[in-house]
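Below is one structure, written out as structure tokens; comments come after it.
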Amino acid sequence: PIIITSDRKTHVITDPDQVIDGLHIKAVPSAYGGQRWSRRSIRKHLAGSNVPTPDFAHCHSEVKQVLEKLMEFDDQRIYDVVACWAVGTYFHPIFNYYPILYLNAAKGSGKTKLLQILHNICFNAVLWQDPSDSSVFRLAHASKATILLDEIEQLRGKEESNLRALLL
């Protein structure tokens, strides 16, 4: 595995407990089974293409536009909250805690559609239905994935209790 930084440096991870530019890096397996950034785009980035590095406001605006195009929320502030949360998933490993985005709405309201959109936007996103608490723990711990859980309202009893405890 390699790390490519915003200043166009590449670092090959050879040691599972490597330190790069003062940051402790831990090599982790891919949670999504493939490369999300094409080799052509990587080469272009490393060559110093004139593509500007977007800031948080730019990323938020882009994500919000996608949400406004594909979703319909009654409260306009929800677009901002979801966009901030989605962009923030790229930075969650630097924080001790990161908020859970809990979607609570009637059947047929678009929760699954929103999760599918977030699956394509969020960092290392994995969309899951009917997960076990142990598999969620292993994936979150190993890959720092953004775990999008769908249909968890169908969990009952001990399954729900264990998953809730894990999430909290």
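Just so it is clear, none of the values below were taken in a lab; they were calculated from the coordinates. None of the values given here were measured: they were computed from a predicted structure. Heads up, the Cβs are rebuilt from the backbone with ideal geometry, glycines too, and the neighbour counts pull from every protein chain shown.
Annotations for the structure displayed:
- Neighbours of residue 80 by Cβ distance under 12 Å: Lys/Arg scored +1, Asp/Glu scored -1, total 0.
- Per-peptide average of other Cβ atoms within 10 Å, ordering 73-84, 95-106 highest first: 73-84, 95-106
- Cα gyration tensor shape of segment 52-138, rounded if a/c is under 1.5, else prolate or oblate by comparing a/b with b/c: oblate
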